[in-house]
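Please read the structure below before turning to the comments.
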Ligand SMILES: Cc1cc2nc3c(=O)[nH]c(=O)nc-3n(C[C@H](O)[C@H](O)[C@H](O)COP(=O)(O)OP(=O)(O)OC[C@H]3O[C@@H](n4cnc5c(N)ncnc54)[C@H](O)[C@@H]3O)c2cc1C
Ligand SMILES: [Zn+2]
């Protein structure tokens, strides 16, 4: 269990970066548009004041409950 | 329902206040309206009022999921200003200032608008230069701004730490003398009463859950109080906008974040105007009851919970104590949070679409209270005429795709930093 103050929020982890030569619309979608869900949100956090690793967190944006934590390349095995 | 004036207060007092009437009706929703406004915050109610007053569209319903003013309208720190650098913002917010000045008279309701001055403190020479640039830009847009020296700042607000040993000494400040505060609840009630008197139905406890389609068009809304039809549907739901547009299959350049605010127990007059700290994020004023009202940064992560966390709490208080050490003696009475519609450039959206029949009002970040009259005024114009007014024509949804973002701080597409 680590303190909240050790972490800084990154961003929505579901965003897919387009290929460099993808059409401008795809880049607009990637840079500006968000699902902004009320409910389960997959997101990145930075352990900035700790080991400096990035982690992936599934968190409920309505209750702040954390359902799953993993490394950026990981995904929860069961649908949560 | 009578007009409010000194005579009516006197008469009601003589009658032992037995005959005051309810301030707006509590109607059953009708099956259809000419226009529906979703969201009974300041913006939604102001929109309905101006639709009726300026455009003669009175067959309007405002649908509010809880009670009116229970969202951000009732949770903000009530700062009203137009000290913007960019012309699109300056013109829009200054139009708002003009509406604020006459609001109590126009609505026959005391909204306690108090132009006590908004003072931003600079702590370094460089910061002072940036402020000077903003002050000049404001003056070019016809908005009065004054640069204050260190002495003038300390003279205006004597409780600011002016000692030689302070961590962030005051260098100077920028003052918008005609900016200030207003009573947030009164603004909600005033627009509700004004709209109701013109025939608008204010329907509370009415959650909009989905939309009714007719081909490509939206022709109504599904609500917890039944289906309601209208050819024009305006969304003014602040932090909840993405939830509604997701039902339309539209993703927005918006993230919802929580902002906290704080008020102390009532105290004797301590702070004269609105003051903002320049070396951290802290802004403060004193309510007419004496409570010291203050706030700071958003918590910084996506959330729809109307409550924040303690680290930001500590950060805000720390900023306050660095600027005004004597605040440490005050007792905190309450702390709360509201869900902000943070846009990708820090500026709002008042536009037609994104789907036929829908009109969008969102992206207020944490500065939408001051926008209440101008937002309602422009949104009503846009809905009535199917065309933006020149005051909101820059606030489009497609400005992100077309590259015309309105980014006061040049901070880029990171909602948590606006
Ligand atoms: C702590 C804090 C401090 C702030 N300080 C300032 C300040 O000093 N100066 C300033 O200018 N601004 C400030 N703001 C920002 C300002 O309060 C908001 O930008 C502004 O109130 C938003 O517009 P509104 O009043 O219409 O929003 P709200 O009052 O939030 O209105 C939206 C309404 O929509 C309703 N709603 C949502 N979803 C639905 C649905 N599906 N169906 C029906 N109804 C729905 C909600 O219940 C709510 O009542 C602050 C905000 C907060 C939280
Ligand atoms: Zn770590």
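The values are calculated or read from the model by the stated rules, or taken from the named source; none is laboratory data. Since the model is a prediction, treat every value here as computed from it, not as a measurement. FYI the Cβ positions are ideal-geometry reconstructions off the backbone, even for glycines, and counts take in every protein chain you see.
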Just to be sure I understand, how many residues within region A:45-65 are assigned to a strand (DSSP E or B) and more than 13 Å from ligand 2 (Cβ to nearest atom)? 3
Please work out which residue is surrounded by the fewest Cβ atoms within 10 Å (Cβ to Cβ), limiting yourself to region B:355-381 and to residues that are assigned to a helix (DSSP H, G or I) and touching a strand residue (DSSP E or B) at 6+ places or on another chain (Cβ under 6 Å). B:378
In region A:49-80, residues that are over 15 Å from the mean Cα position of the chain (by Cα), more than 16 Å from ligand 1 (Cβ to nearest atom) and within 14 Å of chain B (Cβ to nearest Cβ) total 2
Inside region B:192-226, can you point out the residues that are over 11 Å from residue B:24 (Cβ atoms) and within 12 Å of ligand 1 (Cβ to nearest atom)? B:205, B:206, B:207, B:208, B:209, B:210, B:211, B:221, B:222, B:223, B:224, B:225
Options B:296, B:320, B:338, B:280; residue that is more than 14 Å from chain A (Cβ to nearest Cβ), touching a helix residue (DSSP H, G or I) at 6+ places or on another chain (Cβ under 9 Å), touching a residue at least 12 places away in the same chain (Cβ under 8 Å) and part of a helix (DSSP H, G or I): B:320
Does residue B:193 satisfy the criteria of being farther than 30 Å from residue B:50 by Cα and in a helix (DSSP H, G or I)? no
When residue A:41 is evaluated against the numbered criteria (1) assigned to a loop (DSSP other than H, G, I, E, B); (2) within 10 Å of another protein chain (Cβ to nearest Cβ); (3) within 21 Å of residue A:5 (Cβ to Cβ), which criterion, by number, is the only one it fails? (1)
Of the residues in region A:14-36, those that are under 15 Å from the mean Cα position of the chain (by Cα) and farther than 27 Å from residue B:315 by Cα come to A:14, A:15, A:16, A:17, A:30, A:31, A:33, A:34, A:35
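Here is a yes/no grid of residues against (1) away from ligand 1 (no atom under 16 Å from the Cβ); (2) part of a helix (DSSP H, G or I); (3) within 14 Å of chain A (Cβ to nearest Cβ); (4) touching a helix residue (DSSP H, G or I) at 6+ places or on another chain (Cβ under 8 Å):
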{"residue": "B:52", "(1), (2), (3), (4)": "yes, yes, no, yes"}
{"residue": "B:62", "(1), (2), (3), (4)": "no, no, no, yes"}
{"residue": "B:89", "(1), (2), (3), (4)": "no, yes, no, no"}
{"residue": "B:99", "(1), (2), (3), (4)": "no, yes, no, yes"}
Under 21 Å from residue B:416 (Cβ atoms), loosely packed, with under 15 Cβ neighbours inside 10 Å and within 16 Å of ligand 1 (Cβ to nearest atom) - does that describe any residue in region A:23-40? yes
Test set (1) within 11 Å of another protein chain (Cβ to nearest Cβ); (2) at pLDDT below 95 - residue A:1 fails condition number: (1)
Any chance residue A:73 is away from ligand 2 (no atom under 16 Å from the Cβ), out of contact with any strand residue (DSSP E or B) (no Cβ under 8 Å at 6 or more places or on another chain) and assigned to a loop (DSSP other than H, G, I, E, B): no
Residue identified as in contact with a helix residue (DSSP H, G or I) (Cβ under 8 Å, 6 or more places away or on another chain), more than 16 Å from ligand 2 (Cβ to nearest atom) and assigned to a strand (DSSP E or B) among B:37, B:57, B:68: B:37
Region B:87-125, residues that are surrounded by fewer than 17 Cβ atoms within 10 Å (Cβ to Cβ) and either within 20 Å of residue B:407 (Cβ to Cβ) or modelled with pLDDT under 95 (or both): B:87
Which ones in region B:207-249 are under 23 Å from residue B:76 (Cβ atoms) and either more than 23 Å from the chain's Cα centre (by Cα) or in a loop (DSSP other than H, G, I, E, B) (or both)? B:207, B:236, B:237
Quick check on residue B:261: is it crowded, with 24+ Cβ neighbours inside 10 Å, away from every other protein chain (no Cβ under 14 Å) and more than 11 Å from residue B:339 (Cα to Cα)? no
